[in-house]
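Visitor: Submitted below is the structure of interest, expressed as C-alpha cells.
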Amino acid sequence: MPPIVEIRNVSGFVGQEVVVQGWLYNLRESGKLLFPLFRDGTGIIQGVVVKSAVTADVFARVRELTQESSVRVTGKVRADQRALGGFELDVSDVEVLQLIPLDHPYPITPKEHGIEFLMDHRHLWLRSVRQRAILGVRHEIIKACRDFFDERGFTLVDTPIFTPAACEGTTTLFEVNYFEDKAYLTQSGQLYNEAAAAAVGKTYCFGPTFRAEKSKTRRHLTEFWMIEPEVAFAHLDDAMTLAEELIAFVVERVLARRRAELKALERNVAPLESCKLPFPRLSYDDAMKILQEKGSEIQWGGDFGGTDETILSEKFDRPVLVHRYPSQVKAFYMAPDPARPEVALCVDVLAPEGYGEIVGGGERLADYELLVKRIEENQLPRQAFEWYLDLRRYGTVPHAGFGMGIERVVAWICGLEHVRETIPFPRMLYRLTP
Ligand code: 4AD
Ligand code: MG
C-alpha cells in the first residue's frame, strides 16, 4: 500500500507511488486524456489519466467524477515546471468515496454567485481557494499574537463568556437567561484581565466577544474574537508601544509565512511591507484638525465615525495611534489625563488603507473614589462591580492594556472589503446561519 501523502508534501515523493485523499476540484477532458484537479485542504494537484495506461473501469470512474465528489487517488508523483504547484500525479487508480449525482450537484460552481447565496452556503464556500487562503492567514495572525505574548512573559488567563455586567456600555449587551437570573455575553475580557494582571503581572486573554451591534457596516460583527493584553504598572505609553510592536510582529510574520495565501487573495503586499516601526502618533486634537480640513462635520467632543477613521487612516502609510480622546466618548474605566482631565489616557490604532480601528485600549482608572464616581455617572449596577472595585481597594497600581479585534486585522492584512469573510461562520445583525 503506497503512503498517504498530503498535497503540500508531494515534493518529497517524486517518482513514487502515493495516495492522495481529497475532493474533485475540476475536471478537463481532452480525447484520451483526463485532467482531474484534486484538492485535499493542503493544496491542489492536477492528475493525469491516460486511457491506455489504466483499466477501462478506472478511466470511466474518473470521467464521471463531479465537482466535490470525495476520492482516494493512487498515482505516481511527477515534477513538472508547467504544472500548478510544480507537480502532477500520474493516476493509476481512483476509489470513489462519494459520487455527487448530476441531478443534485454541488451548489457552488465556478460561475459567479451573489454574496447572499455564498453566505447561505458558507459551510461549503469555505472549501474555495480564496476562503482557504483567508483561513490560513487568520490562523497565522492568531498564532503570531499568541507567540508574541508568550515570548514576552505574558500568562494566558481565560476570562468568562457569561458575565454579570457590561464592560463596553449597556447598549450593545446580549442578555441571556441564566437559570433564575440574567447574564450577559462578554463584550471584552478586560475587567477580568485587570484582576489577572494583579495576579501574574502581564496577562492576556483570547476569546470570542459579543456586541449587540445594530449597525450594518463592513466592520461590525456581533460575535468577534479579541486578543487582550493587560500589564500591571504600565501607563498609556507602554500600552501604545506594546500595541505597535504587536502589530508590526504580526504583519512581518504573515509576510514571512503566508506569501502564497496573500498571492491567492491578490493582495498588494507593498503597503504591508511599509508597516515598519515606529508608527505615527497623533493626539485626538490633531486628528480633529485633519478631519475638519478634509471637510468632516465632526466637532471636538464627538467620537469618530467610520468615515472619519477612513479619512485618517488613508493619510498614513502605516497604522496610526490616535490618543487622548475626550473622556465622554470613552468607557467608564479609562484613566483621565492628569494634565487635562477632560481627555482620557486612551489609544485607538487605525489601520492604513482606510481600514479604520483595529485596536482600542489605554490606561485604567486606578483610583477607588474616581472609579466609584464613574460607575455611578454611567448608571452601572454598583453591586455587579464590587469585585472590580476590590482591585482598587487592595493594592491598586497603575495598569494599562488594549484589545485587538482579530477580524479587523484579518480584513486589513488580507485586503478584504468586509469582515464577513474574515471569520469562518460570521454572526451579524441579519445573519445567524449556517
Ligand atoms: O475598542 P473596543 O470596544 O475596546 C474594548 O473592548 C476594550 N475593553 C479592550 C481592552 O482594552 N482590553 O474593542 C477593541 C477592538 C476594536 O479596536 C476592534 O478591533 C474590535 O475590538 N471590535 C470589533 N470587531 C468586529 N466587530 C465589532 N462589532 C467590534 N467591536 C470592536
Ligand atoms: Mg474602540
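The values are calculated or read from the model by the stated rules, or taken from the named source; none is laboratory data. In this text the structure is predicted, and so the values were computed from the model without any measurement. Cβ placement follows ideal geometry from the backbone for every residue including glycine, while neighbour counts extend to all protein chains displayed. Surface areas here come from the heavy atoms of the whole protein model, side chains and all, with no ligands, DNA or RNA. Shrake-Rupley method; radii C 1.70, N 1.55, O 1.52, S 1.80 Å.
Visitor: Out of the residues in the range 381-431 that are of a type in the set (Lys, Arg) and surrounded by 14 or more Cβ atoms within 10 Å (Cβ to Cβ), which is nearest to ligand 2 (Cβ to nearest atom)?
Guide: Selected residue: Arg408.
Visitor: Can you tell me which residue within the range 96-114, out of those that are surrounded by 11 or more Cβ atoms within 10 Å (Cβ to Cβ), among the β-branched types (Val, Ile, Thr) and touching a residue at least 24 places away in the same chain (Cβ under 8 Å), is nearest to Phe59 (Cα to Cα)?
Guide: For the range 96-114, the residue satisfying everything is Val96.
Visitor: Moving on to the next point. Would you please name the residue that is nearest to Ala344 (Cα to Cα), looking only at residues in the range 364-397 that are in a loop (DSSP other than H, G, I, E, B) and in contact with a strand residue (DSSP E or B) (Cβ under 8 Å, 6 or more places away or on another chain)?
Guide: Leu365
Visitor: Find all pairs meeting these conditions: Cβ atoms under 6 angstrom apart; at least six residues apart or on different chains; first residue within the range 40-68 and under 14 Å from Val96 (Cβ atoms); second residue hydroxyl-bearing (Ser, Thr, Tyr).
Guide: Gln67/Tyr106; Glu68/Tyr106
Visitor: If a residue has to be more than 16 Å from ligand 2 (Cβ to nearest atom) and small (Gly, Ala, Ser) to count, how many in the range 155-203 make the cut?
Guide: The number of residues fulfilling the criteria is 8.
Visitor: Any residue at all in the range 347-363 that's of a type in the set (Phe, Trp, Tyr), touching a helix residue (DSSP H, G or I) at 6+ places or on another chain (Cβ under 7 Å), open to solvent by 10 Å² or more (accessible area, probe 1.4 Å) and at negative phi?
Guide: Yes; the residues of the range 347-363 include at least one that is of a type in the set (Phe, Trp, Tyr), touching a helix residue (DSSP H, G or I) at 6+ places or on another chain (Cβ under 7 Å), open to solvent by 10 Å² or more (accessible area, probe 1.4 Å) and at negative phi.
Visitor: Among the residues of the range 227-253 satisfying the criterion of being touching a helix residue (DSSP H, G or I) at 6+ places or on another chain (Cβ under 7 Å) and over 29 Å from Arg427 (Cα atoms), which is nearest to ligand 2 (Cβ to nearest atom)?
Guide: It comes out as Val231.
Visitor: Would you mention how many residues in the range 157-171 are of a type in the set (A, V, I, L, M, F, W, C), surrounded by 15 or more Cβ atoms within 10 Å (Cβ to Cβ) and more than 14 Å from ligand 1 (Cβ to nearest atom)?
Guide: Here is the first cut: in the range 157-171, the ones of a type in the set (A, V, I, L, M, F, W, C) are 157, 161-162, 165-167.
Subset that is surrounded by 15 or more Cβ atoms within 10 Å (Cβ to Cβ): 157, 161, 165-167.
This time we only want the ones that are more than 14 Å from ligand 1 (Cβ to nearest atom), so: 161.
Residues in the range 157-171 being of a type in the set (A, V, I, L, M, F, W, C), surrounded by 15 or more Cβ atoms within 10 Å (Cβ to Cβ) and more than 14 Å from ligand 1 (Cβ to nearest atom): 1 in total.
Visitor: Given the conditions (1) closer than 21 Å to Met404 by Cβ; (2) within 16 Å of ligand 1 (Cβ to nearest atom); (3) without any contact (Cβ under 8 Å) to a residue 40 or more places away in the chain; (4) of a type in the set (A, V, I, L, M, F, W, C), and given that Leu365 satisfies all but one, which numbered condition is not satisfied?
Guide: Leu365 satisfies all of (1) closer than 21 Å to Met404 by Cβ; (2) within 16 Å of ligand 1 (Cβ to nearest atom); (3) without any contact (Cβ under 8 Å) to a residue 40 or more places away in the chain; (4) of a type in the set (A, V, I, L, M, F, W, C) except (1).
Visitor: Does the range 183-193 contain any residue that is in contact with a helix residue (DSSP H, G or I) (Cβ under 8 Å, 6 or more places away or on another chain), under 20 Å from Arg431 (Cα atoms) and either within 13 Å of ligand 1 (Cβ to nearest atom) or part of a helix (DSSP H, G or I) (or both)?
Guide: yes
Visitor: Can you tell me which residue among Phe224, Phe210 is within 16 Å of ligand 2 (Cβ to nearest atom) and open to solvent by 30 Å² or more (accessible area, probe 1.4 Å)?
Guide: Going through Phe224, Phe210 in turn, just one is within 16 Å of ligand 2 (Cβ to nearest atom) and open to solvent by 30 Å² or more (accessible area, probe 1.4 Å): Phe224.
Visitor: For the list (1) open to solvent by less than 30 Å² (accessible area, probe 1.4 Å); (2) in a loop (DSSP other than H, G, I, E, B), I need the number of the one condition that Gly153 fails.
Guide: Here Gly153 clears every test but (1).
Visitor: With the requirement that a residue be open to solvent by 30 Å² or more (accessible area, probe 1.4 Å), touching a residue at least 12 places away in the same chain (Cβ under 8 Å) and of a type outside the set (A, V, I, L, M), what does the range 172-207 give you?
Guide: Answer for the range 172-207, where residues must be open to solvent by 30 Å² or more (accessible area, probe 1.4 Å), touching a residue at least 12 places away in the same chain (Cβ under 8 Å) and of a type outside the set (A, V, I, L, M): Phe174, Tyr178, Tyr184, Tyr192, Lys202, Phe206.
Visitor: Still on this structure: Quick one: count up the residues across the range 202-226 that are within 18 Å of Pro424 (Cβ to Cβ) and hydroxyl-bearing (Ser, Thr, Tyr).
Guide: Number satisfying all stated conditions: 2.
Visitor: Please state which one of Gly354, Gly415 is away from ligand 1 (no atom under 11 Å from the Cβ) and touching a Lys or Arg at 6+ places or on another chain (Cβ under 6 Å).
Guide: Of Gly354, Gly415, the one residue that is away from ligand 1 (no atom under 11 Å from the Cβ) and touching a Lys or Arg at 6+ places or on another chain (Cβ under 6 Å) is Gly415.
Residues are listed down the side, and each one gets a yes or a no for (1) touching a Ser or Thr at 6+ places or on another chain (Cβ under 8 Å); (2) modelled with pLDDT under 95; (3) assigned to a strand (DSSP E or B); (4) of a type outside the set (Ser, Thr, Tyr):
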residue	(1), (2), (3), (4)
Leu277	no, no, no, yes
Phe332	no, no, no, yes
Leu350	yes, no, yes, yes
Gly354	yes, yes, no, yes
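Visitor: Residues in the range 117-138: is at least one open to solvent by 50 Å² or more (accessible area, probe 1.4 Å), touching a residue at least 60 places away in the same chain (Cβ under 8 Å), acidic (Asp, Glu) and out of contact with any Asp or Glu (no Cβ under 6 Å at 6 or more places or on another chain)?
Guide: yes
Visitor: Kindly provide the set of residues from the range 198-251 that are more than 16 Å from the chain's Cα centre (by Cα) and acidic (Asp, Glu), ordered by number.
Guide: Glu213, Glu230, Asp237, Asp238, Glu244, Glu245
Visitor: Check Thr66, Thr42 and return the single one that is closer than 23 Å to Ala133 by Cβ and of a type in the set (Ser, Thr, Tyr).
Guide: Thr42
Visitor: Another question, if that's okay. For the range 1-64, which strands (runs of 3 or more DSSP E) that fit wholly inside it have 3 or more residues that are not β-branched (Val, Ile, Thr)? Break it down stepwise before answering.
Guide: Numbers: elements: 17-30, 33-39, 44-50.
Counting at least 3 such residues, we get 17-30, 33-39.
Visitor: Look at Ala144 and say whether it is more than 21 Å from Arg382 (Cβ to Cβ), open to solvent by less than 70 Å² (accessible area, probe 1.4 Å), within 13 Å of ligand 1 (Cβ to nearest atom) and out of contact with any strand residue (DSSP E or B) (no Cβ under 8 Å at 6 or more places or on another chain).
Guide: Spelling it out, it is not the case that Ala144 is more than 21 Å from Arg382 (Cβ to Cβ), open to solvent by less than 70 Å² (accessible area, probe 1.4 Å), within 13 Å of ligand 1 (Cβ to nearest atom) and out of contact with any strand residue (DSSP E or B) (no Cβ under 8 Å at 6 or more places or on another chain).
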